[in-house]
């Protein structure tokens, strides 16, 4: 495994989540243990686009960053840590539940660790 592979793997997960959140918004909201409302669907679709954009960036960074890839990897490690913390907070406080929350925290933490290790 190398840093380039971690970027590409994260891109695939982000794109899958983004497309699901954009086009299957009610399903994604229900999997978090919430009741879909018009407001939540709107925010879910917006977040879907955010995931897609982040997925595109994650896919492209290895190709355009050249010798700066490790610096960008550290930024992704920090971002992954922050996402892991907020997901954990939401799980602990009961704001989210279900398999989606647990799968996301595991994947996010693994990506954060991978970015950190391979960016040193």
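Each reported figure results from applying straightforward, stated rules to the coordinates on display, with no laboratory input. Please read all numbers here as calculations on a predicted model, not as lab measurements. Cβ: placed from backbone, ideal geometry, glycine included. Neighbour counts: every protein chain shown.
Quick notes on this one:
- Among 1, 74, sorting on how many other beta-carbon atoms sit within 10 Å of each Cβ, with the fewest leading, yields 1, 74.
- Helix-derived mean residue ellipticity, 222 nm - over the chain, DSSP H n ≥ 4, -39500 (n - 2.57), to 500: -29500 deg cm²/dmol
- Between residue 97 and residue 2, the FRET efficiency estimated from the beta carbon spacing at R0 = 41 angstrom works out to 0.70.
- To the nearest ten degrees, helix 98-119 and the longest principal axis of the Cα atoms of the chain are 10 degrees apart.
- Average Cα contact separation per residue, the chain, under 8 Å, 6 or more apart, as relative contact order %: 34
- Counting neighbouring beta carbons within 10 Å and listing from fewest to most, the residues 118, 102 come out as 102, 118.
- Taking other C-beta atoms within 10 angstrom as a stand-in for reagent exposure, 39, 63 fall in the order 39, 63, fewest first.
- Label-to-label distance, nm, for residues given as residue 67 and residue 9 (7 Å Cα→Cβ offset): 2.8
- Degrees between helix 69-93 axis and first principal axis of the chain (Cα, 0 to 90, nearest 10): 20
- In the chain, the longest principal axis of the Cα atoms and the axis of helix 38-64 are about 10 degrees apart.
- Shape category assigned to the range 1-91 from the gyration tensor of Cα positions, a/c cut at 1.5: prolate
- Length gained on full extension, residue 50 to residue 82, computed as 0.36 nm times the residue gap minus the Cα-Cα distance: 9.9 nm.
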